[in-house]
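Report on the structure given below.
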Amino acid sequence: MKRIIDEHLKKYPAMTLQDKVKLIYQNELGCGHFIKDKDKSIALINEEFENRHKTDTLFEDIGNGYVRMYLSALDEVNFDAEIINSLFTLSAEEISGTKEGLINKLSCLEDDGYITEYIKNGCPMVSHSSEYRKAYLPTYRVIKKIYADLYFLCLKIKKKSAKKDIVVSLDGRAAAGKTTAAEALRRIFNAGVIHADDFFLPFEMRTEQRLAEAGGNIHYERLKDEIILELSSPTLTYGRFDCSKGMVTEKISVKKSPVTVIEGAYSSHPFLGNVYDLRVFFDIDATLQKERILNRNGEKMLKKFTDIWIPMENKYIEHFGIKDKADIIIKT
């Protein structure tokens, strides 16, 4: 926390203790509140954009998975208040910090009595100081980085889906954020979401020859038959693969939407054909990838990912040039 404060002080030397407290509050508690009135929230974003003081930085890291998204760094072409508000709302609904965590982080500041009084008053959300506002004219929203990364993808989806129904592929490396992104798109665009994990190869098809094939770990034949060839249907009904049993055990249905998202490793497999209006590749540093998998799946599963699944995914990505053929690359 102290490092982040020092970095901000270099950029914003007019910061007061109040501004430091605000930064720490946002770092721990994000947006600090739920969006109660969507229309008013969007109107305020539009108003702030119209009165902005142009800046160059769009996303500014404030730590703990949050960024400040500066409206003042956008131009009219790349500005969309509804999408910004949607990402802001998603972030506000997923606050994981605590008051205790906030108080702990405040201990890195020297107190002249202000912090003691602030804690005594219950640690409310504070505004920037008048000195800070006068010097920097801040116009931003605090958004989780995982959602801020989706901003330009959302702009493209909104533009394309306004003209016709579209299909989007979210492919990439394990633990890079594909499923999180798909859920965000479902909520923002009411998108129909298909998970490629539901089409893993059944046990009886896992021959040495098939698993040696680049991209052979997915039942791409069934994915094409049940989804790709049925994209014009009012409802997509398909089998969900059960990893514990190695077979399809249930049927699920997804209603047709102007935006259909097929997410997961192997979702851009060439066997499926040229069906996508947008191909997105999610990339991730190998060290962060292992850290996320360990936290999410545990040490035993990490070994399986490291020894089996990640090498298979990397082989598929490199063999078919999946990253190179993507329309958008998102590095998490």
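The values are calculated or read from the model by the stated rules, or taken from the named source; none is laboratory data. Since we're looking at a predicted model, the values are computed, not measured. Because the Cβ atoms are built from the backbone with ideal geometry, glycine has one as well, and the counts that use them run over all protein chains shown. The area values use the complete protein model at the heavy-atom level, side chains included, leaving out ligands, DNA and RNA. Shrake-Rupley method; radii C 1.70, N 1.55, O 1.52, S 1.80 Å.
Summing +1 for each Lys or Arg and -1 for each Asp or Glu among the other residues whose beta-carbon sits under 11 angstrom from that of D277 gives +4.
Each other residue within a Cβ distance under 11 Å of S232 adds +1 if Lys or Arg and -1 if Asp or Glu, for a net charge of -1. Under a model in which nothing but the beta-carbon of Lys, Arg (+1) and Asp, Glu (-1) is charged, the chain shows a dipole of about 200 debye around its Cα centre. The heavy atoms of F320 offer some 50 square angstrom of accessible surface to a 1.4 angstrom probe. The trypsin sites (Lys or Arg not before Pro) of segment 135-183 that meet both conditions, a loop assignment by DSSP and at most 15 other Cβ atoms within 10 Å of the site Cβ, are K163, K164. Estimate the FRET efficiency between R296 and E230 by the formula 1/(1 + (r/R0)^6), using the beta-carbon distance for r and 25 Å for R0, to the nearest 0.05. Here the calculated transfer efficiency is 0.20. Among D19, D165, the sequence by solvent-accessible area, most first, with a 1.4 Å probe is D165, D19.
Beta-bridge orientation, the chain: approximately 50 percent antiparallel, per DSSP, counting only bridges with both partners inside. When both segment 41-61 and segment 167-182 are represented by their alpha-carbon centers, they are found 28 Å apart.
Full extension of the chain between A212 and I95 gives 37.8 nm of extra length, using 0.36 nm per residue less the Cα-Cα distance.
Out of these labelled values of Cα extents along the principal axes in Å, (i) 63, 51, 41; (ii) 70, 46, 33; (iii) 71, 39, 38, which was calculated from the coordinates shown here? Of the labelled values, this structure produces (ii). Which residue, K54, K36, K105, has the most motion in a Gaussian network model of the chain that connects Cα atoms within less than 10 Å? Checking each option, the largest mean-square fluctuation is seen for K36. To put it simply, the accessible area of the chain at a 1.4 Å probe is 51 percent carbon and sulfur. Charging the Cβ of each Asp and Glu at -1 and of each Lys and Arg at +1, and nothing else, the dipole of segment 1-116 about its Cα centre rounds to 340 debye.
Note on surface exposure: Y114, Y147 rank Y114, Y147 by accessible area, highest first, 1.4 Å probe. Among H319, H128, H269, which one moves the most in a GNM of the chain with springs linking Cα atoms closer than 10 Å? Checking each option, the largest mean-square fluctuation is seen for H319.
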